Each structure stands twice: as C-alpha cells, then as structure tokens.
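First comes the structure, then the notes that go with it.
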Amino acid sequence: MCLPKGLLQATLVDIWLQDCPKLKTPNPDALRSLTSSKELRITSCPNWGSCWEEGLFCTTSLQILDIGEFGEDYRHFPWPFTSAASQPWSHFTSLEYLTLWGWPKVKSLPDQLVHLPALRYLIILGFSGLESLPECLGKLSSLQSLLILRCPLLEKRCEKGIGEDWHKIACIPSIEIGGRTIV
C-alpha cells in the first residue's frame, strides 16, 4: 500500500511500478526530488494519476516513460498541467521513448505531446475509446516510430492513405497499426 520511506531519492535512476491498485502516492516532495531518473514506468496504479497530472515528476533527464492505465474514473489522459507560471512538460526535453496505456473513457491524447522535441518512439496501447490523434504528431520531427495497438477506432482512422488521421502520421518513417507494419 505504501512505498518504503526513503526509497524515492534523487539518485534513483529507474522507477518501475506496475499493477499496484492499492499503492498510495508518496509525499509530493519525494516525487519532486527524482531529478536523476532516466526511466519511469507507472502503469495500472490508479492512485498515481493525480500526482502525474499535477506535474510532480520533474526530471530533466528522463529518457523512457511508460505510463497509464490510471483508472476508469479519468475521462482524459492525465498529463502534467500547464500554466503561465509552470510548464512541467518542459522537463521532458530528453524523452525519447513514450508508451501511453489507455482505458475506454479516454477520447483524446494531450496536445502537450508537441513539447517533446527528442521523442523518437511512441506507443499507444489500449485506448478503445480514443477518437483521434492530436494534430501535433505531425510536428514531432524526431519521431521515427509509431505503434498503435488495441485502439479500434484509432486504427480505422489511421488507415494508410484513406483514414481521417492518416495525414497526421504519414511523415513518420515506421508505423505499426493493429499488429501490422504499415510503413
């Protein structure tokens, strides 16, 4: 139910939390101290969605992010908030690998993805209610590979040449949709 006290330290490089439905979020200050983390994986931990959305993970060295399946209560994908005073997404300038795990109620992905200049690999999994991709995907000049899996509405919209969202991803060199290599 709780992480051991003192576990989350600035020197922690890899953090993996998976399938922990009862795990409570730690003190926000402990999360803010994770400035050296290179890999963060938090999936199927429903209580952690709010701390993620509130921008409590402030690491500038993060290269791999695997996040999602926060719970059925969310109707949007929680992404660090943005305001005039604080722009947590700017902490992810080194992020190269991003995996987003979804759930049926989510209809769209955050537009803040456009603020990931180093992103090379994007995986979108299990968003059965996801209706479309954000326009910003075409603006991610470093994006080399896109995988969309278990997202039936999105898979149809991203059909090569004819899907309504194809223009948003057509410039990506490697695309896999529904287990099939498209490009």
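The values are calculated or read from the model by the stated rules, or taken from the named source; none is laboratory data. All values derive from a computational prediction rather than experimental measurement. With ideal geometry, Cβ positions are generated from the backbone for all residues, glycine too; neighbour counts draw on all protein chains shown. For accessibility, only protein heavy atoms count, side chains too; no ligands or nucleic acids. Shrake-Rupley method; radii C 1.70, N 1.55, O 1.52, S 1.80 Å.
Some points to look at:
- To put it simply, the accessible area of the chain at a 1.4 Å probe is 53 percent carbon and sulfur.
- Separation of alpha-carbon centers, the range 33-48 and the range 95-130, rounded to whole Å: 16
- Rounded accessible area per residue of the chain, 1.4 Å, Å²: 49
- FRET efficiency, Lys107 to Arg180 (Cβ-Cβ, R0 25 Å, nearest 0.05): 0.55
- Each pair of Cα atoms in the range 127-183 enters the Kirkwood radius, and Stokes-Einstein at 4 °C and 1.567 mPa s then converts it into a translational diffusion coefficient of 116 µm²/s.
- Burial ranking of peptide ranges 23-34, 62-73 (average Cβ count within 10 Å, highest at the top): 62-73, 23-34
- Extending 7 Å from the Cα toward the beta-carbon at both Gln144 and Ser132 defines two label points whose distance is 3.0 nm.
- Square roots of 5 times each gyration tensor eigenvalue, C-alpha, the chain, largest first, Å: 28, 18, 14
- For the chain, the Cβ-based charge dipole about the Cα centre amounts to some 80 debye (Lys, Arg positive; Asp, Glu negative; other atoms uncharged).
- Cross-link partners of Lys22 among aspartates and glutamates, defined as those whose alpha carbon lies under 20 angstrom from its own and excluding same-chain residues fewer than eight positions apart: Glu53, Glu54, Asp66, Glu69, Glu72, Asp73.
- What the Cβ-Cβ distance of Gln18 and Ile123 gives, at R0 = 25 Å and to the nearest 0.05, is a FRET efficiency of 0.95.
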